[in-house]
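In what follows, a single structure is set out as structure tokens and then discussed.
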Amino acid sequence: MTARNLDEGEAAYFDVLTDLVEAYESEVMPEEDVPPGSVLKEMLYQNGLSQHDLAKQTGIAQSTLSAICQGTRKPTVDQAKKLGERFKLKPAAFLELKTD
């Protein structure tokens, strides 16, 4: 979210509120490590798509999408970018990034 058409005081207030919400969410709702396959399956479901449909839209082979959904294969960075673009998510949503 961005602050648009706000005066200087409103923009500063918006920034403070944003920081407070982020701090609260990171404390109360820590991010879970969700496997890429689970994210992909959920996005397919939410968008009413089959793996075949997504394969046509992204150029990623249906067999590759199936393996990602099953958790037997991880998406490449290029594939994560294509999936992120299609679903309007950051590519990181489809990558297993270690934060330890």
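Read-outs: derived from the displayed coordinates by stated rules, not from any lab. Everything numeric in this text was worked out from a predicted model, so none of it was measured. Please note: Cβ atoms are built from the backbone with ideal geometry, for glycine as well, and neighbour counts cover all protein chains shown.
Details
- FRET efficiency for the Ala23 to Gln70 pair, using the beta carbon distance and R₀ = 30 Å, is estimated at 0.20.
- For a straight C-alpha distance cut-off of 18 angstrom, the aspartates and glutamates reachable from Lys41 (same-chain residues fewer than eight places away being disregarded) are Glu32, Asp33, Asp53, Glu85, Glu96.
- Peptides 70-76, 39-45, 5-11 ordered by packing proxy, namely the average of other Cβ atoms within 10 Å per residue, highest first: 39-45, 70-76, 5-11.
- Helical runs assigned H by DSSP (4 residues or longer) give the chain a calculated mean residue ellipticity at 222 nm of -18500 deg cm²/dmol, each run adding -39500 (n - 2.57) before division by the residue total.
- Computed from phi, the 3J(HN,Hα) profile of segment 9-14 under the Karplus parametrisation 6.51, -1.76, 1.60 (θ = phi - 60°) reads x, 5, 5, 5, 4, 4 Hz, with x in place of Gly and Pro.
- Shape call, the chain: gyration tensor on alpha carbons, a/c limit 1.5: prolate
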